[in-house]
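The values are calculated or read from the model by the stated rules, or taken from the named source; none is laboratory data. All figures in this text were calculated on a predicted structure; none of them were measured in a lab. Don't worry about glycine lacking a Cβ; one is built from the backbone with ideal geometry, like all the others, and counts go over all protein chains shown.
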Amino acid sequence: MVRAVIADDSGVMREILSEILTAAGIDVVEAVEDGTSAVRAILERDPDVATIDISMPDKNGLEVIEEVMAERPTPMLVISARANDGASETFEALDRGAVDFIAKPSGQLSVDIWSQRDEIVEKVRAAAAVDPTTLTQDAGAEPVQSTVPADRVPDGSTVVIGSSTGGPQVLERVLAELPREAKLRILIVQHMTDHYTGRFAMRLNERTAYECREASDGDTVGAGDAVVAKGGRHLEVTADRDGELAVAHDDGPKIHNVKPAIDVTMRSAAEAVSGPLVGAVFTGMGADGAAGLSAIKAAGGKTIAQDEETSRVFGMPGRAVETGDVDMVLPEERLAEGIVNALDGWSG
């Protein structure tokens, strides 16, 4: 049985989270209201996972995460109302070692939080399955330079990347390591709500050489551009003309219980992109991306999956590997290099 600690300054939130997790067969070993108690409970109870509010008395969630990671790395899931308005704090929590996050609803708490119960249980279970030793891996490692000169990457090359749990840090690293001179057209699908995708795109723009933004309906993606699919909308590639990709929002139903879905973007790219195409699936729970990579492979593209050892959660890349349509299975530090290598001497 998964054992969990809940840390939240709201008594109502603690009670509802406890009810949701207990009903799902998760053992809530302690629920606390402040940061000092959170650190104590985690270190004493040694849970498989902890849910952490960002805003708490004594120590805030960021301080709790940092202290626990220094003492005994433990998978932690950020659940906070402040995450809606302070997305930067949420990404800081991920930088400090949190596995994933869920936004506390802004409406009627008792009603809206129950509507998120499936997502909460799924993410708590996924976080509990994370190997704690991966939580303190050095995220500041020096970029690995590709052995393939950027000028050997064909013009009009397109890369579609999908990720979920543990993905933001991997995406940031890969985008930073991809040579700007290669002038790639990059589409990113990260399982994330619309409260965060815009800020995440800004973060990638600030920290990498690519011009990165949240995709808008009817947007175009040119050489050296990267777009992040908007939370709550699927992202489709509708055309490839004059060196630019045309993309559009699709407000259809969730696929694999997520929206945006990686499969939607990859399948549409496989149909619309006329030049060199690479699809990559990184860490994350579930099966999204496996069918998308198969579609890219069938269209003559190249496909990559992150390996199990460096994935926080090997669900998505694992399912992709099982299809037999993955050309390369690579550790995090070689993903960017693999993408460039796949485009070298293109024969798709």
Between residues in the range 89-118 that are not assigned by TED's automatic domain parsing to the domain that holds Val12 and aromatic (Phe, Trp, Tyr) and residues that are at pLDDT below 80 and assigned to a helix (DSSP H, G or I), which pairs lie under 9 Å by C-beta distance while being six or more apart or on different chains?
none
Go over the candidates Leu184, Leu235, Leu175 one by one and state the one that is within 17 Å of Asp288 (Cα to Cα), buried (at least 20 other Cβ atoms within 10 Å of the Cβ) and in contact (Cβ under 8 Å) with a residue 40 or more places away in the chain.
Leu235
Have a look at Gly198, Gly156, Gly162 and point out the one that is modelled with pLDDT of 90 or more and under 12 Å from the mean Cα position of the chain (by Cα).
Gly162
Residue count, the range 315-343, condition of a type outside the set (A, V, I, L, M, F, W, C) and under 21 Å from Pro276 (Cβ atoms), comes to 6
Tell me yes or no: at least one residue of the range 305-316 is surrounded by fewer than 21 Cβ atoms within 10 Å (Cβ to Cβ), over 23 Å from Asp131 (Cα atoms) and in the same structural domain as Leu187 (by TED's automatic domain parsing).
no
Restricting attention to the range 291-317, report how many residues are in a helix (DSSP H, G or I) and either of a type in the set (D, E, K, R) or in contact with a Gly (Cβ under 9 Å, 6 or more places away or on another chain) (or both).
9
Only one of (1) modelled with pLDDT of 80 or more; (2) farther than 29 Å from Glu44 by Cβ; (3) surrounded by 20 or more Cβ atoms within 10 Å (Cβ to Cβ) is not met by Ser146, so which one is it?
(1)
Sole residue being surrounded by fewer than 21 Cβ atoms within 10 Å (Cβ to Cβ), at pLDDT 95 or above and within 21 Å of the chain's Cα centre (by Cα), chosen from Asp225, Asp219:
Asp225
Here's a check for you: in the range 133-143, which residue that is exposed (fewer than 14 other Cβ atoms within 10 Å of the Cβ) and not in a loop (DSSP other than H, G, I, E, B) is modelled with the lowest pLDDT?
Thr136
Pairing a residue in the range 48-59 that is free of Cβ contacts under 8 Å to residues at least 40 places away in the same chain with any residue that is basic (Lys, Arg), where Cβ atoms lie under 7 Å and the two sit 6 or more apart in sequence or on different chains, gives Ile54/Arg82
